[in-house]
1. Suppose we filter the range 181-197 for residues that are closer than 15 Å to residue 219 by Cβ and out of contact with any helix residue (DSSP H, G or I) (no Cβ under 6 Å at 6 or more places or on another chain); how many remain?
2. Which ones in the range 264-288 are more than 13 Å from the ligand (Cβ to nearest atom) and open to solvent by 30 Å² or more (accessible area, probe 1.4 Å)?
3. Confirm whether residue 139 is assigned to a loop (DSSP other than H, G, I, E, B) and of a type in the set (Phe, Trp, Tyr).
4. For the range 177-204, give me each residue that is open to solvent by less than 80 Å² (accessible area, probe 1.4 Å) and polar (S, T, N, Q).
5. Being among the small types (Gly, Ala, Ser) and open to solvent by less than 80 Å² (accessible area, probe 1.4 Å) is the filter here; which residues of the range 289-309 pass it?
6. Quick one: which strands (runs of 3 or more DSSP E) lie wholly within the range 180-235 and hold at least 1 residues that are among the basic types (Lys, Arg)?
7. Would you check if residue 127 is free of Cβ contacts under 8 Å to residues at least 60 places away in the same chain and either in a loop (DSSP other than H, G, I, E, B) or surrounded by fewer than 16 Cβ atoms within 10 Å (Cβ to Cβ) (or both)?
Amino acid sequence: MIEHGLHHVTAIAGPARRNLDFYAQTLGLRLVKRTVNFDDPGTWHLYYGDAAGQPGTLVTFFPWANAAPGRLGAGETREILLRVPAAAIGYWTHRLVEQGVAHELPSRRFGAPVLSLRDRDGLRLALVGIAGAEAEPAWSDGTVPAEHAIRGLHGVSLLLEDVAPTAAVLTDVLGFAAAGQEDGRLRYRTGAALGGVVELEVADSYLPARLGAGSVHHIAFRAADDATQAAMVERLASEHGLQATGQKDRNYFRSVYFREPGGVLFEIATEQPGFAIDEPAETLGAALQLPLVLEPRRAAIEAALPPLV
Ligand code: ZN
């Protein structure tokens, strides 16, 4: 069975050390890869996820120490939804207070308890309490006890001027189906637990978006393999008039990118080969990993990167 859904979400952050502290210490995710932005090797690219860094659990960042703050607007990701067991919402409310994290009071959305919060750059996150998620795998060696730990991505919500063309791409190409609406949010789902939700919200009275620290840069959907990805690219062109980029080798997956009709940058990433390709699963994220093409420049790259600890 082909399992559709999100592969990862990539956002822009301020200082790398603060980003690592928030996601690894405060949220208790595993740093599964420390590498550089392949298109800008003077910049970190930090990947957080579950123990194995499996697709659907990944939140990744390009940290720039002096990034100006972004401003939310139409054609952007509004919120990243993270999956936790329903019974863990109380634990998380307490933890966010204790750690001084900006958050709202718990509310309910589509029948599930939701705790909205901001990371240190103002990035919008929401912990969504899912009944039964306690049975899903979790990183048990982190700062959060496994019973409460984040399981991975639940989904994203997008802020759009016109939701229909985006909905058409979600349902026709990316494997999602309409799954109800509530308070102006249209929900789309796949059969997957991890990363199986996209919510679309109509943006009115927003200033134009400005990308910066605390903004999501792009959203990646998963494809089982190259052939599945190629078929999706073909369908984007033939049915939606959307041209994707050529395939780029991201070392841990292979990607194509396209701007969806609402303006959000989408990526389709293969599930293979995964994060254990260049370091053992037990020590994921422990050392700087570079693609072969950048290895000859390792010393200069290491010297230029801001220290993480
Ligand atoms: Zn990506």
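1. Matching residues across the range 181-197 total 6.
2. The initial filter retains those residues of the range 264-288 that are more than 13 Å from the ligand (Cβ to nearest atom), namely 271-288.
271, 272, 273, 276, 277, 278, 280, 281, 282, 283, 286, 287, listed by residue number.
3. Numbers: assigned to a loop (DSSP other than H, G, I, E, B): yes; of a type in the set (Phe, Trp, Tyr): yes.
Yes: the conditions hold for residue 139.
4. 190, the sole residue that qualifies.
5. Taking the range 289-309 and keeping what is among the small types (Gly, Ala, Ser), we get 299-300, 303-304.
Of everything in the range 289-309, those that are among the small types (Gly, Ala, Ser) and open to solvent by less than 80 Å² (accessible area, probe 1.4 Å) turn out to be 299, 300, 304.
6. Details: elements: 185-189, 197-202, 216-223.
Answer list for the range 180-235: 185-189, 216-223.
7. Working: free of Cβ contacts under 8 Å to residues at least 60 places away in the same chain: yes; either in a loop (DSSP other than H, G, I, E, B) or surrounded by fewer than 16 Cβ atoms within 10 Å (Cβ to Cβ) (or both): no.
Criteria not met by residue 127.
Every residue, every condition in (1) surrounded by fewer than 19 Cβ atoms within 10 Å (Cβ to Cβ); (2) more than 14 Å from the ligand (Cβ to nearest atom); (3) within 15 Å of residue 156 (Cβ to Cβ), yes or no:
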position	(1), (2), (3)
5	no, yes, yes
23	no, yes, no
38	yes, no, no
45	no, no, no
48	no, no, no
76	no, yes, yes
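The values are calculated or read from the model by the stated rules, or taken from the named source; none is laboratory data. Quick caveat, the model's predicted, so the values are computed rather than measured. Cβ atoms come from the backbone with ideal geometry, glycine included; neighbour counts cover every protein chain shown. SASA here: full protein model, heavy atoms, side chains in, ligands and nucleic acids out. Shrake-Rupley method; radii C 1.70, N 1.55, O 1.52, S 1.80 Å.
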